[in-house]
Amino acid sequence: MGRRLCETLCKAESRDFVPCRANEVKRMQNTGYGLIRPESPPFVPSSVYTFPDLEAIRAYYAGSAPGYLYRRNGNPNTDQLEEALCQLTGAAAAVFAASGMAAIAQACFSLLKPGDHLVATRHLYGGTYALFEQVLRPWGISVDYVDMDDGDSLAAALRPNTALLYVETIANPLLQVADLEAIGRFAAAHSLRWMVDNTFASPYLARPHTFGADVVVESLTKFLGGHSDVMGGVCYGSADVMTPIRTLTVTVGGVLSAFDAWMTQRSLQTFHLRMPQHCRNALALAEFLRGHPAVEQVFYPGLPDSPWHAIARRVLFDGFGAMVSIHLRGGEEAVNRLLRACRHVALAPSLGGTRTTVSHPALTSHRAFSPAERAQLDIRDGTVRISVGTEPFEVILEDLRHALDEAR
Ligand code: PLP
């Protein structure tokens, strides 16, 4: 796919980011508010709905009467969120889950069956690695890990029973950027399904389904929720692929709570304002960190000398993300000195909130990998992952400059 076509397919229009009110208003006409309607969507926590008689229940199941039956089968806040997310991403359908991990697991259970083979990137979130090793493998799925940007090892890993490729757009924690264009071509040439965890990029920076990905997963807990107060996940893509994932999600029951759906509805209204500020701050911070003597190496795809910069320029739009990772000189001791000296930036093993937080992958997100595996992935005791927030940049700079001086 040429650059021009990718841009046409992927470029976000600013109006994509403004949730559409027309359907919301239509829906509200049936809620008894009449012409006076609440400006923000009402929160509907009910776990069950009432029916006048059995005919009404029959009509619900037949699809001839719109409405809701039971929380696990559907909820107005989740439906409105699906509409907003589909508008934002251009996907045909979205299925929500109780967490990012639930979304990944439910998509895998839907797309794979015992005896299948999964080829995953070796640059993976530790929780996903744990899911593959501790749940999918015992269930009868064989898994191989490769460098997805190495076409030869990807081709060599394929087996007749390979059923799925799995990759992260921007990998946790060292921020390698997947060449979604090349992977899409490879998957199409081998008639393979592929799934992308887009959590670190968010739909603001990447729309992997426009490169042909069958399923895109995101943790709502991170940038889509955006305030460290939501837990949820979503899969999106074509209606064909989403329908069985939706059925499985309702059956196994790992649905998104109504409250988290409602909170995410609120968060989407500021998504287009938060993300550019996250990205601007991250780029400025990466440039500062690169010159600091306490820092051995900076990982950020927005730096022109990053090995992932050229790919990032092709597959991401409107920035390079809010995540910056570093190798701090002096290992764990230096990390502790840094953390104890921070006055604003907090140690918090998550990401994507408005406040800048730092995390220690070896001890938290990547603890499922053995020390030898972490060494192979270059995840060290001195590796610090920074989720750059939306504060005025000087607030972040002042705090980290002081803390890094203390860490030396
Ligand atoms: N994917 C990535 C890249 C993550 O970093 C995480 C969590 O940190 C997840 C998925 C899982 O999301 P959740 O914590 O919402 O289950």
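Which of the residues that make up segment 155-191 are more than 13 Å from the chain's Cα centre (by Cα) and in a strand (DSSP E or B)? Across segment 155-191, the qualifying residues are T162, A163, L164, L165, Y166, V177.
Look through A65, A22, A12 and report the one residue that is touching an Asp or Glu at 6+ places or on another chain (Cβ under 7 Å), at pLDDT below 95 and either open to solvent by less than 70 Å² (accessible area, probe 1.4 Å) or not aromatic (F, W, Y) (or both). A12 is the lone residue from the list that is touching an Asp or Glu at 6+ places or on another chain (Cβ under 7 Å), at pLDDT below 95 and either open to solvent by less than 70 Å² (accessible area, probe 1.4 Å) or not aromatic (F, W, Y) (or both).
For segment 36-54, a residue qualifies if it is aliphatic (A, V, I, L, M) and either more than 32 Å from the chain's Cα centre (by Cα) or assigned to a loop (DSSP other than H, G, I, E, B) (or both), and the qualifying residues are I36, V44, L54.
The criterion of at least 3 residues that are within 11 Å of the ligand (Cβ to nearest atom) and at pLDDT 95 or above is met, among strands (runs of 3 or more DSSP E) falling completely within segment 192-262, by 215-219. Screening the candidates D79, D149 for the property of being under 27 Å from S365 (Cα atoms) and open to solvent by 50 Å² or more (accessible area, probe 1.4 Å) yields one hit, D149. On inspection, L180 passes the criterion of being crowded, with 24+ Cβ neighbours inside 10 Å, at pLDDT 95 or above and closer than 24 Å to V388 by Cβ.
With respect to being touching a residue at least 24 places away in the same chain (Cβ under 8 Å) and closer than 18 Å to H278 by Cα, L316 fits the description.
Consider L192 carefully, then state whether it is under 13 Å from I311 (Cα atoms) and open to solvent by less than 40 Å² (accessible area, probe 1.4 Å). Taking the combined requirement at face value, the residue does not satisfy it.
The values are calculated or read from the model by the stated rules, or taken from the named source; none is laboratory data. Remember, predicted model here, so these are calculated numbers, not experimental data. Please note: Cβ atoms are built from the backbone with ideal geometry, for glycine as well, and neighbour counts cover all protein chains shown. Remember, those area values only see protein heavy atoms, side chains included, never the ligands or the DNA or RNA. Shrake-Rupley method; radii C 1.70, N 1.55, O 1.52, S 1.80 Å.
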